[in-house]
Every structure is written in structure tokens, then in C-alpha cells.
Amino acid sequence: MEKTADAVLATPWWQASDADLLAALGEVEELHRRAYAATLAVHAEIRSRGLTGGYESTRVLVHDAARISVMQARRRETHLDLLATSPGTQAAVDAGLIGADHLDVIVTTLAKIPADVDLEDRVQAETSLVEHARTLDARELKYAGRQILAWLDQDGPEPADDPVEASVNELHIDTFRDGRVRFIGELGAEEGALLVGLLDPLAKPDPADHGRDWRRPAQRYGDAFVELLRLCANAAAAPVDGGERPHLTLTMSWQDLRDQVGRAQLGGMAELASLSARQVRRLACDAKVTPMVLD
């Protein structure tokens, strides 16, 4: 460390150069991690002495004395349980090389190791996680942990007897009055890989005539998802309803449709939603239209 905690806190950062500010990022983060290591050391000593201060447990004492949530106190105890049997991990924590978020991933990953894996492989897995944590953030470390688990348990968990219960495929859809659709869901590993494999080619940046593609990654994947829907709708194997390909029921006046004003009500699942006349005309340009006069 180039600076003590007091020196860092007293530094007028508005006077620092760009280079000093960038260098300070690593120094301050190391101080933060070492401070957490000291916090764990104090907590460990309190726990080893059985101090409760009149509370029902050490955890409640720490929760009240440190003014942290019970969840945070429980989190610290989980980290202490790991460090109590892991001198290598303890050394990395004391040196400020890994932080609380890294410890969360290490604890979670080690807990998922199958019971039949021998002790030597467990120790090697933890050592590997700690080494990765020195250069990765918590999200990246979680991915590394999944790779380690895949290596330790190549057959994966036994499939459940009930295929319905075993399925993790879910999709929740909300439709707004203006026709917008919001959805959130989860797919199994194979289904997720299929979706990503289909979206990736469609989500590549598409530079405009005069420069780069300015869409955010989320926007590019949103556009790719729409393109995927269109490809599915036009596919020969697309699902049918009543002998027809997927269709929408739109109710609006002919005058509004022609003049591109007003709104059309959507039928079916989105019966309370509506689309603008312009959006309806755009749909009608690439659709088989069945007009129905209501009055």
C-alpha cells in the first residue's frame, strides 16, 4: 500500500491528477477489503469467546452493535465458517486481494460440490476459486465456479421424476394499454443456449451508412428478438390456429385506419391494449387481412 487509511481519507481528490485518481481506485479498494478482513477478525474473536452482551446470540449482538442487518451479520458468519478451515483464503482476504462479494461466490460454489467428491478435489476447487478471484469480479468468478462444478460433477444432478416439476422454463408477459409488451422469464441451460445461439447472429452491430451502430447491446438484442419472431412467423413450420398462421384481432374504424389516426383495440390476451393507426397500417402491409364490418 502506498498510503495509509488516514492519508487516503484526508486526500483532497479534486486536486489529484488523472493518473493519481486511477491509481487511487486500486488503493482504496484494497483498503476497503482489508477493513472487511479486520471486521471479520473482530467478529471471529467475539464469536470464539462466546460473547453475547446479553443478547440471545453473537449474531444479534453484532447486528445491534454494528448497526447492520441480521442478514449482513449472518453473511459475515458464513464467511467466517469458510475462513476457519481455509488458511489460503484467509491470507487472500487479509491481504485485501479478495472481498466480501468474492467470498459469497466461493461459499456458494463450494456448497454445491457433490458429497461424493473427495477432499483433495474440494481443496483444489477452493484454491482455484481464490486464484481466479484475484483478477476477476464476482460475476466473472461465478462463471468460473460453474466451470469448476461442471468439471467436478460432469454428469450433473439426477433428473427429477416429474418432468413438469423439473422444468425451469418460465415466461411472464404483461401487455400495456398502448400495445407495448413487457416480459421476463427463465430458460433451462439447453433452451437458453438455443435462444442465445439464435439471437447472437441477429444482434451483431450493424453500422449505419455514416458510422457505427449506436444501439446499446440491450437494444440490439431486443431488435434481434423481434427479427427472430418475424422469421418464426414466416417459417413453413410456424404454429397455426384454426388453419391460419399466428394472427391478431384488431378493431378500429376504417376511417381511422385510412387516415392513420385514432387507435385499434387488440383482442385476445391483450384485449385491454391498443395500437396506433400507423402501427396497424404497418402490420397490414405484411399480413393476410380479413376485414370484418361490425356496423
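We did not get these values from a lab; they are worked out from the coordinates using the rules stated. Source: prediction; values computed, not measured. All Cβ positions, even for glycine, are placed from backbone atoms using ideal geometry, and neighbour counts span all protein chains on display.
If the chain between LEU187 and ASP116 were fully stretched, how many nm would it gain, using 0.36 nm times the residue separation less the Cα-Cα distance? Could you put the intermediate results ahead of the total?
On the way: separation 71, 0.36 × 71 = 25.56 nm, distance 2.84 nm.
Extra length from LEU187 to ASP116 when fully extended: 22.7 nm.
Give the shape of segment 1-138 as rounded, prolate or oblate, defined through the alpha-carbon gyration tensor: a ≥ b ≥ c are the square roots of its eigenvalues, a/c under 1.5 means rounded, and otherwise the shape is prolate if a/b is larger than b/c and oblate if not. Spell out each step's value before the answer.
On the way: a/c = 2.58, a/b = 1.25, b/c = 2.06.
Since a/c reaches 1.5 but b/c is at least a/b, the shape of segment 1-138 is classed as oblate.
Taking the simple approach of a point 7 Å from Cα along Cα-to-Cβ for both TYR221 and THR249, what is their distance in nm?
Label at TYR221, label at THR249, 3.5 nm between them.
So, counting K/R as plus one and D/E as minus one, what does the shell of residues with Cβ under 12 Å around ARG34 add up to? It would help to have the intermediate numbers written out before the result.
Working: positive: ARG33; negative: GLU27, GLU29, GLU30, ASP94.
Every neighbour counted, the sum reads -3.
Between THR52 and LEU9, what is 0.36 nm times their sequence separation minus the Cα-Cα distance? Round to one decimal in nm.
Numbers: separation 43, 0.36 × 43 = 15.48 nm, distance 3.28 nm.
Here the segment from THR52 to LEU9 would lengthen by 12.2 nm.
Taking 0.36 nm per residue of sequence separation and subtracting the Cα-Cα distance, how much length would be gained by fully extending the chain between LEU202 and THR135, in nm to one decimal? Can you show the working numbers first?
Working: separation 67, 0.36 × 67 = 24.12 nm, distance 3.19 nm.
This chain segment gains 20.9 nm when fully extended.
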